[in-house]
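Participant: Dropping the structure in here first, questions after.
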Amino acid sequence: MAQTSGGVRNIKVFRYDPQQGGEGHFDSYVLNIQDETTTTILDVLLRIQREQDPTLSFRFACRVNMCGSCGMVINGKEGLACKTNVSHIPQGKEVTIRPLNHFPVIKDLVVDMEPFFKKYEEALPFYEPREETTEPAVIRPGSRERQDIGMATDCIACGCCVSSCTMCHYHEGYAGPAALNRAFTLLADSRDGLFEERLDRVLASCYNCRTEFNCTEVCPKRISGTRAIKYIQRLALKHIKAKPETIEAEQPAVAQPSCASEMAGSMAGNMAGNMDRRTFISQVGVGLLGTCLALGVGGVVGAAFVGPTRARTPRLWVPAASLSSIPVGDVTTIKINYETKNGLYTQQVAERVLVSRTGDEIICFKASCTHLGCMVKWDGNAGRFRCACHGGAFDRNGKVIAGPPPKPLDRYPFRVDSDHLLVEVG
Amino acid sequence: MIKNGSLNYRKPLSWGEYDPHRRGNTRIGMWAWLWQRISALAVIVLLGLHVTLTYRPLIQFLLLLAVTFHATLGLRVILLDFNIVGVKYHRALVGGLVGLGLVVMGLVWFSIY
Ligand code: SF4
Ligand code: FES
């Protein structure tokens, strides 16, 4: 491999100078790398710092994937600089290195991990024995809980998972995968004495997980934050069934306000205790938007389904032709077009009217066969209406004279209005 | 910019910001989540269209497609939530469920039309 794995690489490194402030930018460096399979990104950074730019800042300590200080984003994926080899990035492609997401950037690739450890601490990441004992606890390697916890205790707090998870950005109070994974290892441990308190603290956070699996994809220790989060959720499900009174116990703690306005005030006060005004307003906004959408869609669906059954479509007089254009003693076929409204949609209808005019008698037949609705045509030679589908035939007055039709042709009500023939539809 | 003593911190970077190769590294779980959200919006819009403009095969087809995506990806989360399928199969689950959903959808579609 060595013969193909060396070469010149373009390296782009994110730079941010706290003295200058601003947004930051990428600086490009060109490096000749002898053997990419044995050169880590950390080696690359060290070489850039020594050979080209001594002002470059980054963090590292152990160099052997143990301390978790060299987490960064390498070509769009979080990882440890000391664990990622240059050869992991496709041959010839540029290498981009940038700091982790969701942490304030101090300088270049160095981020402030304070928020990470604050959340970690909130999840009570330490072991507190259930009972005082001087004897070492015996946990069989094959026991269920030992298997469940597995290697999840291997977390080195590198922050990669938090950086990869988009929900850490959208939910400010979200503890993040690392803290929840830590909580999981202790919640699953039967020797631990802080079960209830820890569950109380982390449970709400678990519902911020959207099952994206980003944390699982990037963890250098192959820990699945998603698995830990789902585990805690299921644990809570079992636990709530076993112990419902904790929820009720909280209620007397709320002061009983004497009038409605006070109540509104105290509610707002309670809200403000947990979230700031902007998040409150935005959550209410999202809620309202959702309600409006649901009502809108529900209304449309409801109107469409219920509407037609409720309202009888109003009768409609459609002009067919001028009376003088209809010959006496013959049957004339006239096309009419009109619109019907059914629920929310309007439909264009085209129909044929068979007008039979003899002397001063006019009959307007519907041109659809009373058998199965095929189109009926006037056969002048035979003096009858014929339906081509099943051989139905009707006489001049619409009476059945042959074939399967069960009843005479339907007629339109009509009227003549100043030389205009109008038929009633609908 | 965040002030911290004498140092000016840069505000945290967010996903995809100054991140030229992020899209290529977006994995299937993230797409599954994203597509479920997109299909949810599509269902709302297409349902409205389906009701106002009835019997348009194109709208019906798209609605069925959106519902298929939304349902199968929702099923994925349920299966994972209740540990009916282990998280280590989460990648195969996306392809499997969506594939199965599309097959069922195809059968439904061709039995109607
Ligand atoms: S869970 Fe993995 S990615 Fe997250 S902090 Fe721990 S070692 Fe890093
Ligand atoms: S330097 Fe310690 S994990 Fe990379």
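Participant: Which of the residues spanning the stretch A:103-122 are assigned to a loop (DSSP other than H, G, I, E, B) and either more than 30 Å from the chain's Cα centre (by Cα) or in the same structural domain as A:Val202 (by TED's automatic domain parsing) (or both)?
Facilitator: Within the stretch A:103-122, A:Asp108, A:Leu109, A:Asp112, A:Met113 qualify.
Participant: Counting just the residues of the stretch A:201-241 that are among the β-branched types (Val, Ile, Thr) and under 17 Å from B:Ala32 (Cβ atoms), which one comes out nearest to ligand 1 (Cβ to nearest atom)?
Facilitator: If we take residues in the stretch A:201-241 being among the β-branched types (Val, Ile, Thr) and under 17 Å from B:Ala32 (Cβ atoms), then A:Val218 is nearest to ligand 1 (Cβ to nearest atom).
Participant: Report those helices (runs of 4 or more DSSP H) wholly inside the stretch A:144-191 carrying at least 2 residues which are within 18 Å of A:Glu114 (Cα to Cα).
Facilitator: Hits in the stretch A:144-191: A:160-164, A:167-170, A:177-187.
Participant: Looking only at the stretch A:158-188, count every residue that is within 11 Å of ligand 1 (Cβ to nearest atom), within 11 Å of chain B (Cβ to nearest Cβ) and hydroxyl-bearing (Ser, Thr, Tyr) and tell me the total.
Facilitator: Residues flagged as within 11 Å of ligand 1 (Cβ to nearest atom), within 11 Å of chain B (Cβ to nearest Cβ) and hydroxyl-bearing (Ser, Thr, Tyr) within the stretch A:158-188 amount to 2.
Participant: Separate question: Tally time: how many residues in the stretch A:65-116 are more than 16 Å from ligand 2 (Cβ to nearest atom) and farther than 19 Å from A:Val44 by Cα?
Facilitator: 9
Participant: Kindly check whether there is at least one residue in the stretch A:48-61 that is near ligand 2 (Cβ under 6 Å from one of its atoms), over 24 Å from A:Asp17 (Cβ atoms), at pLDDT 95 or above and surrounded by fewer than 16 Cβ atoms within 10 Å (Cβ to Cβ).
Facilitator: no
Participant: Would you please name the residue that is farthest from the other protein chains (Cβ to nearest Cβ), looking only at residues in the stretch A:189-224 that are under 24 Å from A:Gly68 (Cα atoms) and among the charged types (D, E, K, R)?
Facilitator: A:Lys221
Participant: Return the residue satisfying two criteria in turn: it lies in the stretch A:222-240 and is assigned to a loop (DSSP other than H, G, I, E, B) and crowded, with 19+ Cβ neighbours inside 10 Å, and of such residues it is farthest from ligand 2 (Cβ to nearest atom).
Facilitator: A:Ser224
Participant: Something else about it: Just give me the residues in the stretch A:87-102 being farther than 24 Å from A:Pro115 by Cα and either within 13 Å of ligand 1 (Cβ to nearest atom) or part of a loop (DSSP other than H, G, I, E, B) (or both), in sequence order.
Facilitator: Of everything in the stretch A:87-102, those that are farther than 24 Å from A:Pro115 by Cα and either within 13 Å of ligand 1 (Cβ to nearest atom) or part of a loop (DSSP other than H, G, I, E, B) (or both) turn out to be A:Ile89, A:Pro90, A:Gln91, A:Gly92, A:Lys93, A:Glu94.
Participant: I would also like to ask the following. I need the full set of residues from the stretch A:65-86 which are at positive phi and more than 11 Å from ligand 1 (Cβ to nearest atom), in order please.
Facilitator: A:Asn75, A:Gly76 - these are the residues of the stretch A:65-86 that are at positive phi and more than 11 Å from ligand 1 (Cβ to nearest atom).
The values are calculated or read from the model by the stated rules, or taken from the named source; none is laboratory data. Please read these numbers as outputs of a predicted model, since none were measured by experiment. Note: ideal-geometry Cβ built from the backbone for every residue, glycine included; neighbour counts use all protein chains shown.
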